[in-house]
1. With every protein chain left in place and a probe of 1.4 Å, what is the accessible surface of Trp128, to the nearest 10 Å²?
2. Over the chain, with every protein chain in place, what whole percent of the accessible area is carbon and sulfur at 1.4 Å, could you tell me?
3. Place a +1 charge on the Cβ of each Lys and Arg in region 155-229 and a -1 charge on the Cβ of each Asp and Glu, then give the dipole magnitude about the Cα centre in debye, rounded to the nearest 20.
4. Using only the heavy atoms of the protein chains and a 1.4 Å probe, how would Lys172, Lys201, Lys179 rank by accessible area, largest first?
5. Take the alpha carbon gyration tensor of region 1-65, find the square roots of its eigenvalues, order them as a ≥ b ≥ c, and report rounded if a/c is under 1.5; if not, report prolate when a/b exceeds b/c, else oblate.
6. Ranked by accessible surface with a 1.4 Å probe, highest first, in what order do Ser246, Ser81, Ser12 come?
7. In deg cm²/dmol and to the nearest 500, what is the mean residue ellipticity at 222 nm of the chain if only DSSP H runs of at least 4 residues count, each as -39500 (n - 2.57), divided by the residue total?
8. Sort region 194-244 into rounded, prolate or oblate with this rule: let a ≥ b ≥ c be the square roots of the eigenvalues of the Cα gyration tensor; rounded if a/c is under 1.5, and if a/c is not under 1.5, prolate when a/b is larger than b/c, oblate otherwise.
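The values are calculated or read from the model by the stated rules, or taken from the named source; none is laboratory data. Owing to the predicted nature of the structure, the values given are computational and were not obtained by experimental measurement. Every residue, glycine among them, receives a Cβ derived from its backbone with ideal geometry; neighbour counts consider all protein chains shown. When the accessible area is computed, the model is the full protein with side chains, heavy atoms only, and any ligands, DNA or RNA have been set aside. Shrake-Rupley method; radii C 1.70, N 1.55, O 1.52, S 1.80 Å.
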Amino acid sequence: MTLTLPAQTLRSVAASLRQLSYVPTTWHSLLAGMNAAGRAQLEALLVPMAREGGQPRLMALVLERLADQQEVLQREREAWSFVWSGPEPLHARTADTFATVDQLITQARSSLLIATYNIGLSADFRAWLESLAQRLQTGQLQRVELFFHPVQIASQLGSDPLPATRRWFETKVWPWPAKPQAYVDQRLLSGSAERCSQHAKVVIADADTEAAAALVTSANFSETAQRHNFEAGWLVTQPWRARQVSDHFHQLVGEGHFVPLFLA
């Protein structure tokens, strides 16, 4: 039988067991107040332990360790949220991509990492980018990193893609003085014969803090993707997992797979 009782219940029974100096012949009194399903789960565990000579303190220890595991599992469950994009009202059934990204951006206190294939330039997304530039300027954010593909001008890059991408970025995407740490796929500059590009879609807030959170999604950083397309993703609020994603991008930069748009 699978143990589904909450950690608090297991700890309560463990506390009662620690007050006993003998092994009960019946468990009804100890498990009073629990429903039939809960009693069945605990009796299936405690009765065999008693038959094997287990004492109350040992039984209590086992329940406490099981409670620890239940708490770990619960934290794991609570750390993940399914995030969805789609036409109204379908997306209202679960967390909305646009609202989730907005929350990550507006609540970030130290850093943001955004990876996208397409940078959306609609009014809402321009407002987001301008707000990030202002927060960089005032020191409210220490770091904004943007990994992207210049899909809007991909056929116009010519023989020297980096300056062309930089001009477009500074004119159409980010005209404000405080610049992000922007990166493009190195293969864009090397003239790779393969059709490949930076295609990951990720938003990470405050990666180096205990408030770190990361959204990994199929949705681009654009109006169409986050409000109209059917897109799916997962939001994780476990700091170590968010840092794992952030560290992966930094490793790719360190290994030269991503090239900075602006020289340091």
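1. Accessible area, nearest 10 Å²: 20 Å².
2. On the way: 7380 of 14050 Å².
About 53 percent, which is the carbon plus sulfur part of the accessible surface.
3. On the way: 8 positive and 8 negative charges, 70 e Å.
Rounded to the nearest 20 debye, it is 340 debye.
4. Numbers: Lys172 115, Lys201 20, Lys179 65 Å².
Final ranking, largest accessible area leading: Lys172, Lys179, Lys201.
5. Details: a/c = 1.38, a/b = 1.29, b/c = 1.07.
The shape class here is rounded.
6. On the way: Ser246 5, Ser81 45, Ser12 70 Å².
I get Ser12, Ser81, Ser246, largest accessible area first.
7. Details: 9 runs with 112 residues, N = 264.
Result for the chain: -13500 deg cm²/dmol, rounded to the nearest 500.
8. Values: a/c = 2.75, a/b = 1.60, b/c = 1.72.
Oblate, because a/c is 1.5 or more while a/b does not exceed b/c.
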